[in-house]
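Novice: Structure provided below as structure tokens; questions to follow.
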Amino acid sequence: MEMGAVALLEHGFERASMEAVAGAAGVSKMTLYNYFPSKVALLEACVRTRTDAIFDAFDEGEYDPVQPARGLYRLGRQFVSLMRAEDVIRLHRMLYGLVSVHPEVCQTFYEAGPAQINARVKRYLARAQQAGSLAIEDMELAAEQFLALFLGGPHVRATLGIARPTDDEDECGVRENVRLFLARYGVPEVMTATA
């Protein structure tokens, strides 16, 4: 269904017909409707598939909760990789234009993408908290703060098409954001023992 997502991005949500999406995906319109009763359902499936593809490599067993610097770094790299992808940037641009016309599309996107990413971050933070390597009072706030660290100027400039950060700039940003987060939530004894 990847071609269907491409059709949505190329034509825009409002202009892309289900017929055009079906043609791009190489299926009949009836087949498309059997799986997705609406463009909103199709968009939700596309977003979930894209989010899952990035985080399928997120084997929670590989993210040692006792070493939050490493776990958070890997989470940050995956999140930045997702946010820098051209199709994701184009999707965000399209959604900003739909806010006042189709708020339900934006809500669907939020639930399929950002809310799922936030839930994955919260699960890791909870495991690190249980392991005693992080001290967090409000898990929801901490997860949102962690992700928000990556949505500053570089993300805004990339979304606006002004400039895309280099890999080195993103690498530096991820490392510094993790350090900042750990300065707030890290347990000092654990940080010095695992550094």
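The values are calculated or read from the model by the stated rules, or taken from the named source; none is laboratory data. In this text the structure is predicted, and so the values were computed from the model without any measurement. Because the Cβ atoms are built from the backbone with ideal geometry, glycine has one as well, and the counts that use them run over all protein chains shown.
Novice: Restricting attention to the range 171-195, which residues are modelled with pLDDT under 95 and not in a helix (DSSP H, G or I)?
Specialist: Of the range 171-195, the ones modelled with pLDDT under 95 are 187-195.
187, 195, listed by residue number.
Novice: Just to be sure I understand, how many residues within the range 86-101 are out of contact with any helix residue (DSSP H, G or I) (no Cβ under 8 Å at 6 or more places or on another chain) and not polar (S, T, N, Q)? Steps first, answer last, please.
Specialist: To start, the set of residues in the range 86-101 that are out of contact with any helix residue (DSSP H, G or I) (no Cβ under 8 Å at 6 or more places or on another chain) comprises 86, 96-97, 100-101.
Within this subset, residues satisfying the condition of being not polar (S, T, N, Q) are 86, 96-97, 101.
Here the count works out to 4.
Novice: State all residues of the range 17-41 that are surrounded by 14 or more Cβ atoms within 10 Å (Cβ to Cβ), within 30 Å of residue 81 (Cβ to Cβ) and modelled with pLDDT of 80 or more; if no residue qualifies, say none.
Specialist: 27, 32, 36
Novice: Which ones in the range 111-163 are surrounded by fewer than 12 Cβ atoms within 10 Å (Cβ to Cβ) and polar (S, T, N, Q)?
Specialist: 130
Novice: Let me ask you something else. Within the range 89-119, which residues are in contact with a Ser or Thr (Cβ under 9 Å, 6 or more places away or on another chain) and part of a helix (DSSP H, G or I)?
Specialist: Residues satisfying the conditions are 89, 92, 93, 96, 112, 114, 116, 117.
Novice: Another question about this same structure. Kindly check whether there is at least one residue in the range 159-166 that is of a type in the set (A, V, I, L, M), under 19 Å from the mean Cα position of the chain (by Cα) and modelled with pLDDT of 95 or more. I'd like the intermediate steps shown before the answer.
Specialist: Of all residues in the range 159-166, those of a type in the set (A, V, I, L, M) come to 160, 162-163.
Remaining after also requiring under 19 Å from the mean Cα position of the chain (by Cα): 160.
Checking the rest, the ones that are also modelled with pLDDT of 95 or more come to none.
Taking every residue of the range 159-166 in turn, none turns out to be of a type in the set (A, V, I, L, M), under 19 Å from the mean Cα position of the chain (by Cα) and modelled with pLDDT of 95 or more.
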